[in-house]
1. Assuming R0 = 30 Å, can you tell me the calculated FRET efficiency for the pair A191 and E220, based on Cβ-Cβ distance, to the nearest 0.05?
2. Percent relative contact order of the chain, based on C-alpha pairs within less than 8 angstrom and at least six residues apart?
3. I'd like to compare 165-174, 203-212: which one has the highest average count of other Cβ atoms within 10 Å, and what's the full order after that?
4. Specify which residue in the list I106, A57, P147 is farthest towards the positive end of the charge dipole of the chain, using unit charges on the beta carbon of Lys, Arg (+1) and Asp, Glu (-1), about the Cα centre.
5. Let me check the size of segment 113-224 from its C-alpha atoms; what are the radius of gyration and Dmax in Å?
6. For K166 and D52, what is the calculated FRET efficiency with R₀ set at 45 Å and r taken between the beta-carbons, to the nearest 0.05?
7. Could you sort the peptides 184-194, 144-154 by per-residue average Cβ neighbour count (10 Å cutoff), highest mean leading?
8. Considering the values (1) 18.0; (2) 21.4; (3) 20.8, which represents Kirkwood radius over Cα pairs in Å as calculated for the structure under consideration?
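All of the numbers you see were taken from the coordinates with simple rules; none came from a lab. Quantities reported herein were computed from a predicted structural model and do not represent experimental measurements. Don't worry about glycine lacking a Cβ; one is built from the backbone with ideal geometry, like all the others, and counts go over all protein chains shown.
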Amino acid sequence: MNDRTVDRATNQHGINIADGLTGYTPRNNVERFLIESFPGNPGIRDMFITVDEEIDAELRSLGYEGTGEQFAERRKQYDDRCNAMIARAGGALPICGAKPKRGDAIRIVDLPGSDIVIRLFDGGLQDARQYLLDFIDRHTRAPVNAPEDYVIYRLAAEEADTYPLKSWETATGISRDHVPPGEERFSVIEALTYRVEYPTGFVEFVAPVRQAQNLVPVVEAVQN
């Protein structure tokens with residue numbers, strides 16, 4: 001067992017899941033990759049941690065019985081499969097929701113008169129034709145959570161179809177007070193128009209359309 005600080009949550013087997021980690025060592029390379037992909041968000045990070053008791057409980061729920069040594073061997077097989085999977089993938093897995101790292105391409109939507117601006121980035125949503133969106137400090141480009149008086153609307157031809165966006169965290173039932181600083185994120189769809197209202201004004205923008213690699217150019221011609 002890894003040394004962990006168990007605080008509040010329990011999984012479907014009634015096993016405590018840590019809010020914080022004390023000297024935790026990932027059990028396999030998949031777990032290591034996922035934990036490191038969300039360094040600033042312990043709540044999300046801890047979702048990827050699987051302790052021995054969880055694996056044993058899952059095995060028992062599937063009808064497996066055995067000695068302590070046999071359970072330990074099954075856990076080793078689980079970790080070996082995880083390590084082999086990420087090795088085949090070149091050491092990384094496609095994930096959705098990760099914030100940009102240094103050197104990653106981003107797009108900026110300016111909010112004139114505001115100390116924060118909007119950042120658009122792939123975030124693993126390319127195949128869904130979407131972008132992740134968050135707010136960043138205008139000067140440092142450090143991510144910040146959206147102030148309560150900053151609201152993003154998805155615009156539509158019919159007013160009834162125009163609605164404010166919810167962050168991923170709010171949509172999954174996480175209170176704004178429990179979202180770590182800079183970890184809030186939204187998603188927007190390519191080619192759709194959005195409106196950002198904030199204390200000193202508003203702006204509208206269209207989420208850029210990526211050029212698909214398999215498209216051929218459409219050119220003008222004259223019919224013979």
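1. On the way: r = 22 Å, r/R0 = 0.74.
After rounding, the FRET efficiency stands at 0.85.
2. 12
3. Details: 165-174: 14.4, 203-212: 12.6.
The packing order, highest mean first, is 165-174, 203-212.
4. Result: I106.
5. Answer for segment 113-224, Rg first and Dmax second: 17.0, 67 Å.
6. 0.80
7. Sorting 184-194, 144-154 by mean packing, highest first, produces 184-194, 144-154.
8. (3)
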